[in-house]
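Below are the structure tokens for one structure; questions will follow.
The values are calculated or read from the model by the stated rules, or taken from the named source; none is laboratory data. All of these numbers come straight from a predicted model, not from anything done at the bench. Cβ: placed from backbone, ideal geometry, glycine included. Neighbour counts: every protein chain shown. Calculation scope for accessible area: heavy atoms of the full protein, side chains included, ligands and nucleic acids excluded. Shrake-Rupley method; radii C 1.70, N 1.55, O 1.52, S 1.80 Å.
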Amino acid sequence: MARIAGINIPNQKHIWIALTSIYGIGRTRARKICDATGIQLSSKVKDLTEAEVDKIRGEISKITVEGDLRRQVSMN
């Protein structure tokens, strides 16, 4: 399992669907992340290289997700 933003994403799913398991990333944003990193939507998580996972981590670090987003929503 790949660990991104503190979440283990499922190995057997396509990357754009697996990214939706991260709080704050929906299907549209997951597709944009894949487009920005150059990873095909049909790629499965188990087939990704470590370099591709690092690219995804880099893109996700640019947006607010998981703990920071949950905290922001609860404060509002």
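Quick grid of which residues meet (1) in contact (Cβ under 8 Å) with a residue 24 or more places away in the chain; (2) surrounded by 15 or more Cβ atoms within 10 Å (Cβ to Cβ):
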residue	(1), (2)
LYS13	yes, yes
ARG27	no, no
LEU41	yes, no
LYS46	yes, no
LYS55	no, yes
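Test ARG70 against the stated conditions and say whether it is surrounded by 12 or more Cβ atoms within 10 Å (Cβ to Cβ), at pLDDT below 95, within 13 Å of the chain's Cα centre (by Cα) and in a helix (DSSP H, G or I).
Numbers: surrounded by 12 or more Cβ atoms within 10 Å (Cβ to Cβ): yes; at pLDDT below 95: yes; within 13 Å of the chain's Cα centre (by Cα): no; in a helix (DSSP H, G or I): yes.
Taking the combined requirement at face value, the residue does not satisfy it.
Still on this model: Which numbered condition in (1) open to solvent by less than 90 Å² (accessible area, probe 1.4 Å); (2) free of Cβ contacts under 8 Å to residues at least 60 places away in the same chain is the only one that GLY6 fails?
Just one mismatch for GLY6, condition (2).
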